[in-house]
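Below is one structure, written out as structure tokens; the observations come after it.
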Amino acid sequence: MSVLKKMPSWMIALPLSFCLHSALQAETIAKYGISMADIPLTTGQPDRGSGAYQFTGHTIYDPLIAWESNVATRPGKLIPGLATSWRVDAADHKKWIFTLRKGVKFHDGSEFKASSVIWNLDKVLSDKSPQFDAKQSAQVRPRIPSIASYRAIDEYTVEITTKNIDALFPYQLPWFLISSPAQWESLGKDWTKVATQPSGTGPFKLDKLVPRERADLVKNANYWDKTRIPKTDRIVLIPIPDAMTRANALLNGQVDIIEAPPPDVLPQLKNAGFKLVTNVTPHVWPYHFSTYPGSPWTDIRVRKAANLAIDRNAIVKLLNGLAVPAKGQLDTSSPWFGKPSFKIGYDLPAAKALMAQAGYSPSKPLKAKIIIAQGGTGQMLSLPMNEFIQQSLAEIGIQLEFEVVELENLYLHWRSGAKADMNAGKDITGINLGYVTSDPFYALTRFVDSRYIAPNGVNWGGYSNPKLDTTLDTLRNNFDIKVQDGLLAEVHQTMVDDALMLWVVHDVNPHALSPKVQEFIQAQHWFQDLTTIRMK
Amino acid sequence: MLIYILKRLLYAIPIALSVTVVSFMLVYLAPGDPLNAIAPADAPADVIEALKSAYGLDKPVPVQYGLWVWRAVHGDLGTSISSGRAVLGEVLGAVSNTFMLAIIASLMGVCMGCVLGALAGYQRGGWIDKAATTLSVIGVSVPHYWLGLVLTIIFSITLGWLPAMGAGPGGSSEWLWDAEHLRYLALPSITLSVIPMGIITRTVRALVADMLEQEFVSALKARGLGRLKIFKHVAKNTAPTVLAVTGLQIGYLMGGSILVETVFAWPGTGFLLNTAIFQRDIPLLQGTILVLCMIFVVLNLLVDIVQPVIDPRMGRG
């Protein structure tokens, strides 16, 4: 201490201030082990499903209308993105007018204007335009099916016309992201080059891309939404498709956050001080029934009995808590859940009674074949869970047989519909596929609208209910959000009361965090806001 | 010798052609739709048709094969449906990563195998023989991915000495041959080396034991040659077979191990194949299989050429 007293004050202050400055300037880094085998597309429209938008979609780019993804305690809602406001034309309900945000710049310095929106719509919808990109188009076209035409009214106003009146159209727009026309021009109009040097308006810029190994996202300090400036300077996305390897990398300190830790490792992670984060997630793990004549599921008593024969709490236990029991297509906290009269739960006597009324019992079983995947994204622990259901249904007199295929092949069977030869020809009358239920179309309308009966859509089982079709028409023509919510709840109620599917569990989108992660807000959605990640 | 090499080169041509047919057709036998790699699962029929046309998948399979071979001959293996990147670049990047692993694993496997096999061959029935045989049986029997996980749990998680996954702190594009990066190679290469070690141990043991029974060894002993000089003769006579087996093993290792590379998230050919298979990325799958098969063909060709140099009797046949 006496030595310190003898030293000139500048000799202490200088190194101290240097250390403090270094500490303040040190880059904060979060390493994020993602469950994908490769970094999703970085050119504008990410591939690899809705879970990829949080990584290379809403980080680098912005949509016209965004989804509120920085709240964990309630479902998010539509919020202004690059459009500050939007309204339907009072004279023509097919026309939507978007007022664009002024002063927004792409990462390359070019300005965002109405022409950028039109250029991006052409990029994915007009195969005659020079910037048309088949890959990006394939990702987003199915998600913005309502758009018929579009035009710029002035520098900051865009008009989009829908094919039919569609009051739910705004829900389609968080999927449509805006990339920089100037960057594409400057890189020789080559989307392959844009992939490594993308330019959007989002809160992060892509600093480095090593295919299949890493993508470095760095903070865009000039982001237009000052409430969403990233709290971490650099987020490194590391694809680690194997769940056990992801957990090992977290335990070893090579990454700070991982998606979907394997259920078996949870106790070890918790004991080692790692934090497990879960939340309500728009996902359901169901059996989607065929309601075509000849299907054993045409009898509502059988469908209801199946729903009452499953001990969902036991399945949650099987998953080490990484799921919540389903009481319908949606979680009960959803504003669209409604008040179904059919209460889904575990009631074996009631299930047996319903089967007896339908003329079946364990000694005289009903036989049905379900097509399932051996595993894959959204399928959770596919085989053990399906075996559990097989045993449960056997108790009430439903004898299930499985056709096990790879997930990619299952999609083919799904798109084709229950009536297609590949399904009906093999007596397949049910399909087990994890569904995303994030918005009205994804959660409800695509499964019940008779116009979407496969192959025109994914109403797989051919469900047709004229009353519901009328409700959907009313819904599309009503622009009051409260009324919309009421009508959507009505749709969901009918789905549950009709026991359209056997709903089993909802995923909780688990993440495991190292103690170095100070803040991580997990939204009740597949869209997540990585700007909320804060490191110690 | 020149005629021998030319003959071997000529044999390689029909093999290479067969490889192209098999690698192209094989992926069409698997169920599923390649467009699942790019289109969302609920993509409508018109989007699927547009994509088929954009990627040339609407053409008859023989036409697709002809176009593919024509482009492959000109060094173009097409574009990955999933990533949009050139297949050749993707495959060569992965091959170079697997090559690093394969070389280190081969060196470990061959050296250990030769030493253990020779010792076991000389000490037939002794404890060294029993230990070496046990090790070689374990080497060929233990599942790769299991061993990889066990090694990770011990050396990465419990002891914290080595990284659990990846190809260096900055990824394979920033690879350096320094201590920091070599740490990333340790666990996957040890895991991969156990099979060649086991196979070569068994091969060398059997060959050495057989050689020691040969009359020429008795003659050498009768002439009063020392153990070391006799060993040199034994080694020279066993070398061609060991070389052939080593060539095959390096070929297998160059193919990458899907399981080991997945367990260690090592961005090699096995990892690439795994990705391509699950995404039904047909151009990537075909390109990867083709390049790997050609590496195998070339390695066998090299072994065929080197063998007569070591043992001139083979060239005369």
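What follows draws every value from the coordinates through simple rules; no lab data is involved. Here the structure is a predicted model, which means the values were calculated and not measured. Quick reminder, even Gly has a Cβ in these numbers, built from the backbone with ideal geometry, and neighbours come from all protein chains shown.
Data table
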item	result
Per-q log10 I(q)/I(0), segment A:393-462, q = 0.20, 0.26 Å⁻¹ (Debye; single scatterer per alpha-carbon; no solvent)	-0.88, -1.17
Fraction of the pair-distance distribution of segment B:203-313 above 25 Å, Cα-Cα pairs, percent	45
MRE, 222 nm, helices only [DSSP H, n ≥ 4, -39500 (n - 2.57), over chain B, to nearest 500]	-24500 deg cm²/dmol
Average Cα contact separation per residue, chain B, under 8 Å, 6 or more apart, as relative contact order %	28
Helix-only mean residue ellipticity at 222 nm for chain A, each DSSP H run of n ≥ 4 adding -39500 (n - 2.57), per residue, nearest 500	-8000 deg cm²/dmol
Around A:His506: net Lys/Arg minus Asp/Glu count, Cβ-Cβ under 12 Å	0
B:His74-A:Asp154 pseudo-label distance in nm [points 7 Å out on the Cα-to-Cβ vector]	5.2
Coordinate range along principal axes, alpha carbons of segment B:8-105, Å, largest first	50, 31, 25
Relative contact order (percent, whole number), segment B:188-246, Cα cutoff 8 Å, 6+ residue spacing	46
Distant alpha-carbon pairs in segment A:302-456 (separation over 26 angstrom), percent	31
Paramagnetic reach from A:Asp497 in segment A:447-465 [backbone N under 15 Å; point 7 Å along Cα→Cβ]	A:465
Cα-based radius of gyration of segment A:41-89 once divided by 2.2 N^0.38 Å, which approximates compact folds	1.27
Residue-span extension gain [A:Asp347 to A:Thr196] - 0.36 nm each, minus C-alpha spacing	48.9 nm
Sorted largest first, extent of segment A:457-536 alpha carbons per principal axis (Å)	56, 32, 22
At 0.692 mPa s and 37 °C, Stokes diffusion of segment A:70-178 via Kirkwood alpha-carbon radius, µm² per second	221
Semi-axes of the equivalent ellipsoid for segment B:158-215, Cα gyration tensor, largest first, Å	38, 12, 9
Options A:Gly434, A:Ala351, A:Gln379, ranked by Cα towards positive dipole end of segment A:340-465, top entry (Cβ charges)	A:Ala351
Mean shadow area of chain B over all directions, Cα convex hull, nm²	21.1
Hull-based mean projected area of segment A:271-341, where the convex hull spans the alpha carbons, in square nanometres	6.7
Förster radius 45 Å - calculated FRET efficiency between B:Ser18 and B:Val137 (Cβ-Cβ, nearest 0.05)	0.85
Packing-based exposure ordering (other Cβ within 10 Å, fewest first) of B:Lys59, A:Lys128	A:Lys128, B:Lys59
Set of aspartates and glutamates with alpha-carbon distance to A:Lys426 below 13 Å, sequence-local pairs under 8 removed	A:Glu401, A:Glu403
Cβ charges +1 (Lys, Arg) and -1 (Asp, Glu), total dipole of the protein assembly as shown, debye	1800
Hydrodynamic radius of segment A:175-221 per Kirkwood, over alpha carbon pairs, in Å	11.4
Principal axis dimensions, the protein assembly as shown - Cα atoms, whole angstrom, descending	110, 93, 63
For residues of A:401-414, the mean tally of beta carbons on other chains within 10 Å	4
For A:Val404, A:Val316, order by how many other beta-carbon atoms lie within 10 Å, fewest first	A:Val404, A:Val316
Under-21-angstrom lysine pairs by C-alpha in segment A:40-171, whenever the two are 8 or more apart or on separate chains	11
Approximate shape of segment A:230-307 as ellipsoid semi-axes (Cα gyration tensor, √5λ), whole Å, largest first	41, 15, 12
